[in-house]
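> The structure's right below; bear with me while I get my questions together.
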Ligand code: AHG
Ligand code: MN
Ligand code: MN
Ligand code: MN
């Protein structure tokens, strides 16, 4: 078995970046331990505050955010961090080569039901032409990511990671407190027969999305000529993990409701890292015609419609646009 440290060395990941990934992995082990204990650790329920996007924070959103932020700001190679739970960029070390953004706890509505939750992260090179704590540090398209991944706190705790090469999957060995490589190269089959979308929003979708999903629902008798199944996790981490493991298409489209008119998911710390993992596994991740990774960011917490998964299926969606 190959552990995370060994694989990062084999992949010739620069030592400062490897150390940063190890720090993320260590923090995720603390988060995982708290998640396992749940009510016994007093980590369930609401924290009573709102984040910058108007979402009520859960205790675990705040705990995970504080653990990640404190650990990363101690690293000399980290110039700045950004988080779903922080209004602004937090500047750190002026000489740092990297900036890190994260969704500390993805799937907050699953916390209190013992459902799948996770942590999503991304690393970019720091910019020398703007201030350490400027939003502009993070105004870089997803193509510039040097590393992206997530931890999934499910029946086992796993970490999917790419440092520019293949998307790899590691599994936490709890009594050793380390991640072991369990899938050296994730590959998403181009064809699939499973889709993931929040059907409760159907009446708010564009005609293109309505038409596409209607075709899937028509099954073998419809224009697609095959049956599709549906899954919806309520946590992007869980849905994208399923797509990486057995293919499928995941959609969080734009919506005519003003609250989520540009989709619900955030470009910086949800869409971009997942898009990199999916592309490095042979799948596609798009906003209409454009690859998510090519979107030029406009603001730190910007939302973006997300369509990702099996390549041929994403193309079938785009063909209707
Ligand atoms: P977060 O818990 O980090 O705010 O993200 C929640 C997101 C994402 O994980 C998931 O795909 C989506 O919200 C689910 O939204 P619905 O409420 O529409 O199911
Ligand atoms: Mn949230
Ligand atoms: Mn999230
Ligand atoms: Mn979150």
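The values are calculated or read from the model by the stated rules, or taken from the named source; none is laboratory data. Remember, it's a predicted structure, so these values are computed and weren't measured experimentally. Note that each Cβ is placed from the backbone with ideal geometry, even for glycine, and that neighbours are counted across all protein chains shown.
> Which condition number in (1) modelled with pLDDT under 95; (2) part of a helix (DSSP H, G or I) is the one that residue 93 fails?
It fails just one condition, (2).
> Among the listed residues 288, 248, 282, identify the single one that is under 14 Å from residue 196 (Cα atoms) and either modelled with pLDDT under 95 or surrounded by 15 or more Cβ atoms within 10 Å (Cβ to Cβ) (or both). Before you say what the answer is, go through the steps one by one.
Numbers: 288 fails: under 14 Å from residue 196 (Cα atoms); 282 fails: under 14 Å from residue 196 (Cα atoms).
None of the others qualify; the one that does is 248.
> Right, next: Could you tell me whether any residue of segment 12-22 is under 22 Å from the mean Cα position of the chain (by Cα) and part of a loop (DSSP other than H, G, I, E, B)?
So far as segment 12-22 goes, yes, one or more of its residues are under 22 Å from the mean Cα position of the chain (by Cα) and part of a loop (DSSP other than H, G, I, E, B).
> May I pose another question? Scan segment 269-291 and tell me whether some residue there is out of contact with any strand residue (DSSP E or B) (no Cβ under 9 Å at 6 or more places or on another chain), more than 16 Å from ligand 2 (Cβ to nearest atom) and on the phi > 0 side of the Ramachandran plot.
Yes, segment 269-291 has at least one match.
> Need pairs with beta-carbon distance below 7 Å; first residue under 16 Å from residue 107 (Cβ atoms) and within segment 36-60, second away from ligand 4 (no atom under 16 Å from the Cβ) and part of a loop (DSSP other than H, G, I, E, B); sequence gap 6+ or separate chains.
38/114
> Sticking with this one: Report yes if residue 62 is touching a strand residue (DSSP E or B) at 6+ places or on another chain (Cβ under 6 Å), modelled with pLDDT of 95 or more and in a strand (DSSP E or B), otherwise no. Working first, answer last.
Numbers: touching a strand residue (DSSP E or B) at 6+ places or on another chain (Cβ under 6 Å): yes; modelled with pLDDT of 95 or more: yes; in a strand (DSSP E or B): no.
Answer is no for this residue.
> Further question: Against the condition more than 14 Å from ligand 4 (Cβ to nearest atom) and outside any strand (DSSP E or B), how does residue 68 come out, does it pass?
Details: more than 14 Å from ligand 4 (Cβ to nearest atom): no; outside any strand (DSSP E or B): yes.
No.
> Moving to a separate point now. Can you tell which of 161, 181, 216 is buried (at least 22 other Cβ atoms within 10 Å of the Cβ), modelled with pLDDT of 95 or more and under 22 Å from the mean Cα position of the chain (by Cα)?
Answer to the check: 161.
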